[in-house]
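Contents: one structure, followed by commentary.
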Amino acid sequence: MEKSLISLEKFSAEELNLMCIFDTSSREALRNDLVTALHDVYEPDMIEIFGSVLEKLDTITDEDFAVIGFYIADDEDDAVNALAVEGDAFGG
């Protein structure tokens, strides 16, 4: 199945905030940083967030990744707004 912007999952505020502290210059750079850092994470909730972000990164294309606006999100509404896509690609 081809990855597309339409199938891009929304990132939660926690996931977006986690991504912001790493290299977001590319999907691969972010993924590599997360995998490296995960070796030093012992809190179960944080391990779950890291895993969720990694899974979502694996489901999107580099083009999808490039349209994400990275900034610290205060809540879920901010996280949804961080996805800087034209139109209503998420049906919401």
Legend entry - Number of positions in the range 17-38 that are in contact (Cβ under 8 Å) with a residue 12 or more places away in the chain, surrounded by 14 or more Cβ atoms within 10 Å (Cβ to Cβ) and not hydrophobic (A, V, I, L, M, F, W, C): 4
Legend entry - Looking only at the range 51-69, and only at residues there that are of a type outside the set (S, T, N, Q) and not in a helix (DSSP H, G or I), the one that is modelled with the lowest pLDDT: Gly69
Inset, instruction - Say whether the condition of being modelled with pLDDT of 95 or more, in contact with a helix residue (DSSP H, G or I) (Cβ under 8 Å, 6 or more places away or on another chain) and not in a helix (DSSP H, G or I) is met by at least one residue in the range 34-48. - result: yes
Legend entry - Tally of residues being loosely packed, with under 14 Cβ neighbours inside 10 Å and over 17 Å from Lys10 (Cα atoms) across the range 42-66: 5
Legend entry - The one condition in (1) at pLDDT 90 or above; (2) not in a helix (DSSP H, G or I) that Glu9 fails to fulfil: (1)
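The values are calculated or read from the model by the stated rules, or taken from the named source; none is laboratory data. The shown structure was predicted, so the numbers you read here are calculated from the model rather than taken from an experiment. Glycine also receives a Cβ, built like all others from the backbone with ideal geometry; neighbour counts cover every protein chain displayed.
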